[in-house]
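Written below as structure tokens is the structure these notes are about.
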Amino acid sequence: MIGQLAGRSLLCGSVIALGLWFAVATVPVDTDLSRLLPEGGDATQRWVLDQLRRGSTARLLLIALEGRDPERLAEQSGTLLRWMHESRVFRYAANGSELLSQSERERLFRYRYMLSPVLGPDTFSREHLRAALEARLQDLASPLAAALKSSIDADPTGEFRSLLARITPWRGPTRHLGVWFSPDLKRALLLGETQAQGFDADAQSVVQAALRQAFERIDATRTTRLVLSGPAVFSVEARETIQAEVWRLGLVATAMVLFFLYASYGSARLVALSAVPILCGAVVATLGVGLVYGGINGITLAFGITLLGVVNDYPIHLLSQLDGRTAPSACIAAIWPTMCLAVLTTALGFSAMLFTGFPGLSQLGLFAILGVVTGAAVTRFCLPRLVPPGFAPTRLGFRLVRLLDAVARARSIVPLAVLAALLVLWRSGWAVWADDIADLSPVPREQQRLDQELRDALGAPDVRAVIAVEAASREAVLSSSEALEPRLESLVAREMLTGYEMAARYLPSQATQRRRQGFLPGAETLARDFQWALAGLPFKPGVFDPFLAAVAEARTLPPLGREALSGTAIGLRIDSLLLERGGRWLALMPLRGVRDSARVRAEVTSWQEPAASFLDLKDESNHIVVSFRDEMLRLVALGVLAIGSVLFIGLRSVRAVLRVVVPIASALVLLTALLHAMGEQLSLFHLASFLLVVGLGLDYALFFNRRHSTLEERGRILYGLCVCCGTTVLVFGALAFSALPVLRAIGLTAALGSTSSLLCAAVLARRNDAAGLLS
Amino acid sequence: MIGALAGGMCGANPVFASEHALAAEELLIALSKGRETEVGFEEASFSKLLTAPLVTRGVLRFSPPSRLERHTLAPYEERQVVDGDRIIHERPAEGVRHVLSLTDHPELRAFVEAFRGVLTGDLATLRRSYELTVEGTRREWSMDLRPHDPALGQLVALIRFYGENDGVTGIEVRAVDGDRSVMVMKEMPQ
């Protein structure tokens, strides 16, 4: 017999180990946080949101070197920039030292007559040429001559200067010692755009680690502080924080639970056996999600394992029933009907998550359902075979059960408490929901503030407000953008924005370029008018031949296209602002310094341009979260109906169903009021934890209301329920102490919820004859 | 220093009456006796693009320690004022007015410091950006400033101050490509 048992234990152990190894080896865990977020709204919004998560703005790394000596900072800035160029992990890197590379300058210079924003029909009139030449003479005589006189011979009308003024932001970062600095000169600033996508936490953490190491080599004396900021930095830090917290708290919680189980039942073997269903459940759930979704998200995995806390209850039910006399399989068969009902209804509850369009929640729902069902099946079929014959837990805790019965006598406590809770909620105006997605962010406010400071200093666009213009071709979208420019300028003039960016600024539409080309005079006309303008001015003959040749060339140049700007910083900038998908083109115009986005939205609507829309990403994200929450609530309501039906089929009496449902409902109301009183605002994560509480509550209520054959049996079962509740409180209580809002939400909700479920179930349960137990 | 020229307002310093070789320190100490004053100038700009030099006339004003103004009066009106960290460039006839921050344009700042440094005798600032060479004697001297920094070197190759005793009589600025300007101090225009 022992041999058989040992054999089975070994088999079970190896199956679990194999399963774990297989799951870890074959199911890819991805850490792309953006895949968890819902895709919402209409097609344009989804496109823009996607671009903002994966596009240039998400890849932008803001770098600051903090120190006291600006000269040293400038030097380190230059060295770091060189490393960034050489390292090849950056598509683009700048520190203010060269706004345009030599080849970029040459290319733009060549096209200056088609790109210049000020070129008009009278740029080449005699009078204008004369005025330009006189101004150039004055430039030569001015003490600033050396700075002003370059390319006078090829560009006397100064088109290139106008072009440069348009391209480089007029309120750009402060330049000092040739590089960008914050206004107080305490920070040297750099910008980098990574090859890796913004929300790919793995790749980003590699890039950031390499950057920090490189800087440590540069700053041998450790006097300068390197600060990194941006969406990519946040996602890496979030992931690291979450991982660290989950590890730490997971270890603490597991240790506490193991100790608690041992203390409750006095048997190490029981502790080992109770781990089997949950491990099997986790393995099967991971494999299942991997099969269906092609991988599992790290956050889903972590979250899912916590939701499997309900599986912990099942082996405890079985193991606490063992009395050494009855066969384990008979024990489980006795309680199986109740347990089966509990499992089914819990799975129905989790299915509410499965049917949302929220990818993260769907994965989580599937994980939880698979885990729960597997855990129950393992408890029913495998666990009895692993129990040594004659095994019984030594401690039975009847004293605790008597205490519970005493508490439960105060029947009216629950209705009163529920009324009080409803009053509290009503007083607060039912404002329980967290609507701001920023509250869910694990990034501390301090860091968000620093990011905004760096963003303002660098003139980098916010990742927030954007105007999007849609059209059927690149040319059409550029033309539409140009048409909107005067309106945007008026918004700036009225101080509703501080600035904006658009692709058409760097790459005018071909129509505009041709129009400017049309203003260029023919060779003879120009020569004649230019001679007239030159009369009397002391320029040497032939000085302006390059100018005449350039205009002649420009008359026949094909318009500048995107291809001509490949491999330049400007080309990259254009790529981030002009998007194409399936034949539709989208131009993005990131806005800077929007203070009142509702007003700007109203303005944009008043333009009556059907192709142009204003998107405030923070509002959109919040809106999406709210709409998903509403959808999930609807699905939960459906789930509740389904649960009610299944319970009715299982219990065959409306009263019995009510006895199960009312405690759970009361517990949820109490929980909501408690959380609200503690200052917690309910988010989607709280909602997911509510489902866990419902699962636990169903378990408790069903077992409390079960017809027990003997008082001893009742005592064992109730003690088992107390132990279950205890383990749940320990595990989730540990999470409740986390610094992360998400983990704290889950922990508080589950710990408080399971306690209140137990108490409500105990108080509202069917009255058994407890007399026999007291003797 | 300019005052020395405008009617000999600054008295000749008897300490330096002898004709020994001059050191930069001595010269700058002597020049640092500047006070608010103004002097006329005539400047000729030579460029390889031009057949003849451009001649401008105007007034230079200096208010120690940091306000320097160059007001061109003929043949057109133009004004550059350097005050602390800002440089204001104006051409009233064209309605042009630029304000630049010297912090944003370090080469320009070093260029301006050459003039401010000489006028206030600030040897330390001058030495930071330039290499100083003094030739001649106390009675007739010239001081060359050559920039250390190649970025500044793009703007100017050499700034040369000429002078007699305590005052500057002329300034020559030479650019890398051979263009240069020569400024000579004159009486105030009427």
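Listing for the model above:
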read-out: Residue match in region A:87-104 (condition: away from chain B (no Cβ under 14 Å), touching a Phe, Trp or Tyr at 6+ places or on another chain (Cβ under 8 Å), touching a residue at least 12 places away in the same chain (Cβ under 8 Å) and not small (G, A, S)); value: yes
read-out: Residue list for region B:33-51, restricted to those being away from chain A (no Cβ under 14 Å) and either surrounded by fewer than 17 Cβ atoms within 10 Å (Cβ to Cβ) or more than 16 Å from B:E187 (Cβ to Cβ) (or both); value: B:K33, B:G34, B:R35, B:E36, B:E38
read-out: Yes/no for A:N297 being of a type outside the set (G, A, S) and touching an Asp or Glu at 6+ places or on another chain (Cβ under 7 Å); value: yes
read-out: Selected residue [aromatic (F, W, Y) and either in contact with a Phe, Trp or Tyr (Cβ under 7 Å, 6 or more places away or on another chain) or closer than 24 Å to B:H89 by Cβ (or both)] from A:F181, A:F199; value: A:F181
read-out: Evaluation of A:P183 against (1) within 11 Å of chain B (Cβ to nearest Cβ); (2) touching a Leu at 6+ places or on another chain (Cβ under 8 Å) (one fails), failing number; value: (2)
read-out: Neighbours by Cβ (under 9 Å, 6+ apart or cross-chain): first from region A:307-327, farther than 30 Å from A:L748 by Cβ; second modelled with pLDDT of 80 or more and small (G, A, S); value: A:Q321/A:A334; A:Q321/A:G720; A:T326/A:A334
read-out: Residue check, B:R91 touching a Gly at 6+ places or on another chain (Cβ under 7 Å) and either surrounded by 15 or more Cβ atoms within 10 Å (Cβ to Cβ) or of a type in the set (D, E) (or both); value: no
read-out: Search result, residues across region A:115-133 that are in contact with a Leu (Cβ under 6 Å, 6 or more places away or on another chain), aliphatic (A, V, I, L, M) and more than 14 Å from every other protein chain (Cβ to nearest Cβ); value: A:L115
read-out: Wholly enclosed strands (runs of 3 or more DSSP E) of region B:82-174 bearing at least 2 residues of a type outside the set (A, V, I, L, M) and within 14 Å of chain A (Cβ to nearest Cβ); value: B:86-91, B:96-101, B:167-174
read-out: Which numbered condition A:C760 fails, given (1) modelled with pLDDT under 85; (2) part of a helix (DSSP H, G or I); value: (1)
read-out: Residue satisfying condition, being in contact with a helix residue (DSSP H, G or I) (Cβ under 7 Å, 6 or more places away or on another chain) and either among the charged types (D, E, K, R) or closer than 30 Å to A:F391 by Cα (or both), within set A:S267, A:S274, A:S182; value: A:S274
read-out: Test: residue in region A:608-630 that is among the aromatic types (F, W, Y) and in a helix (DSSP H, G or I); value: yes
read-out: Enumerated helices (runs of 4 or more DSSP H) restricted to region A:356-432, each holding at least 1 residues that are aromatic (F, W, Y) and in contact (Cβ under 8 Å) with a residue 60 or more places away in the chain; value: A:359-381, A:398-408
read-out: Region A:134-161 residues that are facing chain B (nearest Cβ under 8 Å), paired with ones that are outside any loop (DSSP other than H, G, I, E, B) and among the β-branched types (V, I, T) (beta carbon under 6 Å, 6 or more apart); value: A:A141/B:T56
read-out: Count - residues of region A:147-157 that are surrounded by 21 or more Cβ atoms within 10 Å (Cβ to Cβ) and either under 51 Å from the mean Cα position of the chain (by Cα) or part of a helix (DSSP H, G or I) (or both); value: 2
read-out: Search result, residues across region A:528-568 that are exposed (fewer than 13 other Cβ atoms within 10 Å of the Cβ), over 14 Å from A:Y111 (Cα atoms), of a type in the set (G, A, S) and over 49 Å from the mean Cα position of the chain (by Cα); value: A:A535, A:G536, A:G542
read-out: Close pairs from region B:52-66: first within 14 Å of chain A (Cβ to nearest Cβ), partner in a strand (DSSP E or B) and exposed (fewer than 14 other Cβ atoms within 10 Å of the Cβ), Cβ under 7 Å, at least 6 apart; value: B:T56/B:A74; B:R57/B:A74
read-out: Selection within region A:659-689 - modelled with pLDDT under 85 and either among the β-branched types (V, I, T) or closer than 18 Å to A:L348 by Cβ (or both); value: A:L687, A:A688, A:S689
read-out: Candidate set: region B:175-190, residues that are within 14 Å of chain A (Cβ to nearest Cβ) and closer than 22 Å to B:V39 by Cα; chosen: the one surrounded by the fewest Cβ atoms within 10 Å (Cβ to Cβ); value: B:V182
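Conditions tested, residue by residue: (1) at pLDDT below 90; (2) crowded, with 20+ Cβ neighbours inside 10 Å; (3) of a type in the set (D, E); (4) part of a loop (DSSP other than H, G, I, E, B).
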position: A:E475; (1), (2), (3), (4): no, no, yes, no
position: A:A483; (1), (2), (3), (4): no, no, no, no
position: A:R487; (1), (2), (3), (4): no, no, no, no
position: A:R516; (1), (2), (3), (4): no, yes, no, no
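The values are calculated or read from the model by the stated rules, or taken from the named source; none is laboratory data. As the structure is a computational prediction, the values presented were derived from the model and not from experiment. Ideal geometry is used to build each Cβ from the backbone, glycine not excepted, and the neighbour counts take in all protein chains shown.
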